[in-house]
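Engineer: One structure, as structure tokens, below. Some questions next.
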Amino acid sequence: METLISIFREVRDPRDVNSRHLVSSMLFISLAATLCGAKSAVDIADFGEANAQMLGEIVELPHGAPSHDCFSRLFRLLDPAELATALARFAQALRTALGLGAPRGVVAIDGKSLRRGYERGRAFMPPLMVSVWDAETRLSIAARRAEGGDEVAATLDVLKSLILKGCIVTADALHCHPRMAAAVRASGAHYALGLKGNHGPLHRAALAGFEKAEAAGRLSSYEQLESAHDRRERRRVSVIAAPADAPAFPHLAAFARIEAERTTHGGKRETATRYVALSKRLLPRRVLEVTRAHWSVENHLHWSLDVVFHEDDARTRKNYGPQNLAVIRRMALDILRAHPDTRSISRKMKRALWSREFFFDLFTHMQ
């Protein structure tokens, strides 16, 4: 707990000098309440009031538990960059406490809209968060608010603060552009970026390269067949070196092609072909492992935030409120996932609410 509180103490207070409650205390209460299922400033305030005596033994509460207006105002005014920095420091402290080194595997980058966090009249532009996710440990590395919905700019900004030596950074086709490739390599990582027609010249070079390799009979592939949930999926992966006449693209080394075929119950058949730009030539089997690992950011981060924390239904809308509460949720999810109890995330949340011993154990496990 001391580590968390010390991290929160570094967050600059955006309120007037006459504010009565410490930012560090309010942020810790917010995190503790979220661990127990709180979804809004009202829930956080109710949790604080119901557990004021216990919380007062952990953080300073000379004026009692803050009201929901206090929490709401803090999250509306707090610069999301401040809390994003706190998340990065927390992620590093958590990895150290768990005996984990720096990320070494697949690091997935993806954006997520806070669908109901828009202000009145701006339903077409909900707030957007960019997440950097360690697919191997299933822990967040960083998160950043995308100002004006600009996911590309937010991603480039967050990469500047990260050292990802030895990792493979994955992202969808939106991020297949020279600035992203250069930023990933500058962080010490290699990239595996989805490639579609939005990067026309590079996409055409990949198509031509595979066509030429097939015509020459020099294309080797790896194939995988899976059957589960009343469907059968076949994936075939091929890799070629980047052609000499490919458009200039930072550190481009190879292209991969993934041909997928899905047969569902009843015999319905669907096919899809995807291309990936690589800064390092990988074996076809490794390409499939990397691209499959990328979906961990959807299945284990975004899905949990929506289904367990109900992030898509959160109606906090004003100013920076939606983005700041989104960061608190990511910190809570990391704490819950890091605990060795084998229960699901939602069951751990309920147990933290019902058992003071388990609630404290969530934090002591991090030490």
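Engineer: Can you name every residue in region 234-247 that is within 13 Å of A206 (Cα to Cα) and open to solvent by 20 Å² or more (accessible area, probe 1.4 Å)?
Structural biologist: The answer is A241, A242, P243, A244, D245, A246, P247.
Engineer: Ok, one more. Just the residues that are touching a Phe, Trp or Tyr at 6+ places or on another chain (Cβ under 9 Å) and outside any loop (DSSP other than H, G, I, E, B), please, taken from region 232-269.
Structural biologist: The answer is R235, R236, V237, S238, V239, I240, A241, F255, A256, R257, I258.
Engineer: Could you check how many residues of region 270-317 are loosely packed, with under 14 Cβ neighbours inside 10 Å, in a strand (DSSP E or B) and not polar (S, T, N, Q)?
Structural biologist: Of the residues in that region, 2 qualify.
Engineer: Would you check which residues across region 45-67 are part of a helix (DSSP H, G or I), charged (D, E, K, R) and open to solvent by 90 Å² or more (accessible area, probe 1.4 Å) and list them?
Structural biologist: Passing the criteria: only E49.
Engineer: Any idea which residue in region 330-367 is nearest to the chain's Cα centre (by Cα), counting only those that are outside any helix (DSSP H, G or I) and buried (at least 16 other Cβ atoms within 10 Å of the Cβ)?
Structural biologist: The qualifying residue nearest to the chain's Cα centre (by Cα) is H339.
Engineer: With the condition kept exactly as written, say whether any residue in region 93-106 is assigned to a strand (DSSP E or B) and either modelled with pLDDT under 90 or not small (G, A, S) (or both).
Structural biologist: yes
Engineer: Here's another thing I want to ask about it. Going through region 1-34 one residue at a time, which ones are under 25 Å from the mean Cα position of the chain (by Cα), under 17 Å from Q53 (Cα atoms) and either aromatic (F, W, Y) or open to solvent by 20 Å² or more (accessible area, probe 1.4 Å) (or both)?
Structural biologist: If the condition is that a residue be under 25 Å from the mean Cα position of the chain (by Cα), under 17 Å from Q53 (Cα atoms) and either aromatic (F, W, Y) or open to solvent by 20 Å² or more (accessible area, probe 1.4 Å) (or both), then M1, F28 are the ones that fit.
Engineer: OK, next. Counting only residues that are in a loop (DSSP other than H, G, I, E, B) and small (G, A, S), which one in region 35-44 is surrounded by the most Cβ atoms within 10 Å (Cβ to Cβ)?
Structural biologist: Top of the filtered list is A38.
Engineer: I've got another one for you. Failed condition for R116, given (1) open to solvent by less than 40 Å² (accessible area, probe 1.4 Å); (2) assigned to a loop (DSSP other than H, G, I, E, B); (3) in contact with a helix residue (DSSP H, G or I) (Cβ under 8 Å, 6 or more places away or on another chain), with all others met?
Structural biologist: (1)
The values are calculated or read from the model by the stated rules, or taken from the named source; none is laboratory data. Just so it is clear, the model here is predicted, and its values are computed rather than measured. Positions of Cβ are generated from backbone atoms using ideal geometry, with glycine treated the same way; all protein chains shown enter the neighbour counts. Accessible surface is based on the protein model in full, side chains and every heavy atom, while ligands, DNA and RNA are left aside. Shrake-Rupley method; radii C 1.70, N 1.55, O 1.52, S 1.80 Å.
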